[in-house]
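The values are calculated or read from the model by the stated rules, or taken from the named source; none is laboratory data. All of these numbers come straight from a predicted model, not from anything done at the bench. Glycine gets a Cβ as well: all are built from the backbone with ideal geometry, and neighbour counts include every protein chain shown.
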Amino acid sequence: MSKILILLYSIITYFIFFATFLYLVAFTGNFAVLASFGFSNTIDGPAGAQNLGSAILINVGLIALFGIQHSIMARQWFKKRWTKIIPEPAERSTFVLITSLILILTFWQWRPITDVVWAIQNDMLVIAMLGLFALGWLVVLLSTFLLGHFELFGLTQGWANLQGHSIKAPSMREPMFYKYMRHPLYFGFLLAFWATPVMTLGHMIFALGFTVYILIAIRYEEADLTEVFGAQYLEYKRRVSMLIPMPPKRH
């Protein structure tokens with residue numbers, strides 16, 4: 001694959017990801033943004049006649065598929081084998097593309113289960129919940145930029161490959177949110193998934209499933225980071241809370 005094709009591939013993949021990310025916000029917030037095009041699937045609708053057991057199995061299976069793909073493709077042992085098949089500068093973009101396709105499959109095949117777990121009636125509390133929902137997605141987006149947004153989603157690799165440059169080795173940093181919690185990206189997702197004025201059974205399965213995945217993913221991710229940064233990361237881990245924003249402990 002030529003350098004120009006790899007860059008083009010990374011650009012196309014990035015835009016697929018960004019469109020998928022925006023739809024994920026709409027999906028979890030029950031905003032039927034593509035209703036005029038006949039595609040109005042959200043986490044709670046449209047709900048049709050279905051068997052409850054099969055709906056739960058399908059939804060859990062979709063979440064598990066996402067978790068398995070992420071857990072395997074993010075590991076260094078997989079990357080070493082994977083880059084023997086695809087060019088290394090395209091590895092991250094391929095990861096992002098497969099993630100996006102699995103999310104699109106989830107939007108398409110999700111089975112809404114509209115039994116209500118809780119429904120907030122107070123107008124001020126409804127506004128507060130919607131505010132937390134928006135805050136969660138804002139934290140997610142800002143966290144990607146703090147990590148290196150374009151490298152995280154493969155564009156930097158494609159551009160550096162075209163220029164004949166190598167990607168700098170990762171360095172241990174604690175920008176902004178990372179001074180108060182080790183995983184603000186995951187914190188933002190949890191906030192966005194759980195902050196809703198009306199929690200249905202289907203939405204709760206989604207939120208619970210991704211919460212379980214996040215807690216598992218953190219263990220693998222922190223093992224990888226400890227391998228890369230050693231004692232420096234262990235010291236950071238000792239000082240800074242995992243998911244709940246808190247003032248850091250003193251050295």
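Things worth noting here:
- Selection status of MET181, in contact with a Phe, Trp or Tyr (Cβ under 9 Å, 6 or more places away or on another chain), in a loop (DSSP other than H, G, I, E, B) and surrounded by 13 or more Cβ atoms within 10 Å (Cβ to Cβ): yes
- Residue satisfying all of: in region 132-164; small (Gly, Ala, Ser) and modelled with pLDDT of 95 or more; surrounded by the fewest Cβ atoms within 10 Å (Cβ to Cβ) among these: ALA134
- Matching residues, region 193-213, being outside any strand (DSSP E or B) and farther than 19 Å from VAL60 by Cα: ALA195, THR196, PRO197
- Residues (at pLDDT 95 or above and surrounded by fewer than 16 Cβ atoms within 10 Å (Cβ to Cβ)) located in region 75-103: ILE98, LEU101
- Total residues in region 83-141, condition in a helix (DSSP H, G or I) and among the basic types (Lys, Arg): 1
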